[in-house]
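J.: Here you go, one structure.
The values are calculated or read from the model by the stated rules, or taken from the named source; none is laboratory data. All of these numbers come straight from a predicted model, not from anything done at the bench. Glycine also receives a Cβ, built like all others from the backbone with ideal geometry; neighbour counts cover every protein chain displayed. SASA here: full protein model, heavy atoms, side chains in, ligands and nucleic acids out. Shrake-Rupley method; radii C 1.70, N 1.55, O 1.52, S 1.80 Å.
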Amino acid sequence: MNSDNSEEIFPVVDAAGNVVGKATRGECHGGSMLLHPVVHLHVFNSRGELYLQKRPAWKDIQPGRWDTAVGGHVDYGETIAEALRREVREELGITDFVPGAVTVYPFRSEREYELVHVFRTVYDGEVRPSGELDGGRFWSPDEIRENLGQGVFTPNFEGEAGLILG
């Protein structure tokens, strides 16, 4: 069975995103509330539909829920732009895209504290979800709105839906 690498090293940052230390995934996701950066990319097609990934059952955070097309942690020593490109390539097989910055915000759950860097893009090419995901598909904005608050999506995605759907 797959699992996340609890020994993976993440940067620990201050509220402005400056690296102030490092910690393992296990420490960051174990209730320590160490602020660590992540990247999200919302992938729209030219029809205005939004691609969402389904998180596999083995994930340590929000298993089985639908989530942002790409969401991943920044590795220690990596820039936000490098992490975004790596995560998009790893999760969806996309290498040719132009990201537009949306916002940066802190997100706190019972287990972790993230500094989320949100981007969006329009992409009509082939999407090839990796084994890190349990597949994915494009959703219409109305279909997303109808499912908000129903336990279908991750809290992160629900919080960002208003920002990106308008």
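J.: Label 7 Å along Cα→Cβ of GLU143; the range 51-84 residues with amide nitrogen under 19 Å?
T.: Residues 51-56, 64-70 fall inside that zone.
J.: Also: Would you mind telling me the share, in percent, of accessible area of the range 1-94 contributed by carbon and sulfur at probe 1.4 angstrom?
T.: Of the solvent-accessible surface of the range 1-94, carbon and sulfur hold 48 percent.
J.: Also, quick follow-up: Rounded to the nearest 5, what % of the DSSP beta bridges within the chain are antiparallel ones?
T.: Of all bridge pairs located within the chain, approximately 70 percent are antiparallel.
J.: In whole Å and largest first, what semi-axes does the C-alpha gyration tensor of the range 81-156 yield when each eigenvalue is scaled by 5 and square-rooted?
T.: 21, 19, 14
J.: Sticking with this structure for a sec: Per residue, what accessible area does the range 61-166 have, given a 1.4 Å probe and all protein chains present, in Å²?
T.: Per-residue value: 50 Å².
J.: Let me ask something else. Principal axis lengths of the range 1-153 from Cα atoms, whole Å, largest first?
T.: 42, 30, 28 Å, listed from the longest principal axis down.
J.: Obtain the nm distance between the two label points defined at ILE9 and SER109 by a simple spin-label model: each point lies 7 Å from its Cα along the Cα-to-C-beta direction.
T.: Label at ILE9, label at SER109, 2.5 nm between them.
J.: In whole percent, how big is the carbon plus sulfur part of the accessible area of the range 108-151, probe 1.4 Å, protein atoms only?
T.: Its accessible area is 42 percent carbon and sulfur atoms.
J.: Pick out, from PRO141, TYR123, PRO106, the residue whose Cα sits farthest towards the positive end of the charge dipole of the range 103-148, with +1 on the Cβ of Lys and Arg and -1 on the Cβ of Asp and Glu.
T.: PRO106
J.: Continuing with this model, one more query. Choose one answer from GLU82, GLU146, GLU91: the residue with the largest mean-square fluctuation in a GNM of the chain with alpha-carbon springs under 10 Å.
T.: Of GLU82, GLU146, GLU91, the most mobile in the Gaussian network model is GLU146.
J.: D for the range 70-111, whole µm²/s, Stokes-Einstein with Kirkwood Rh over alpha-carbon pairs at 20 °C and 1.002 mPa s: what number?
T.: 182 µm²/s
J.: Sticking with this one: Using a Gaussian network for the chain with springs between C-alpha atoms less than 10 Å apart, which of these wobbles most: GLU112, GLU78, GLU143?
T.: Of GLU112, GLU78, GLU143, the Gaussian network model singles out GLU143 as fluctuating most.
J.: Between VAL74, VAL152, VAL118, which gets the highest mean-square fluctuation from a Gaussian network model of the chain, Cα cutoff 10 Å?
T.: Highest fluctuation among the options: VAL152.
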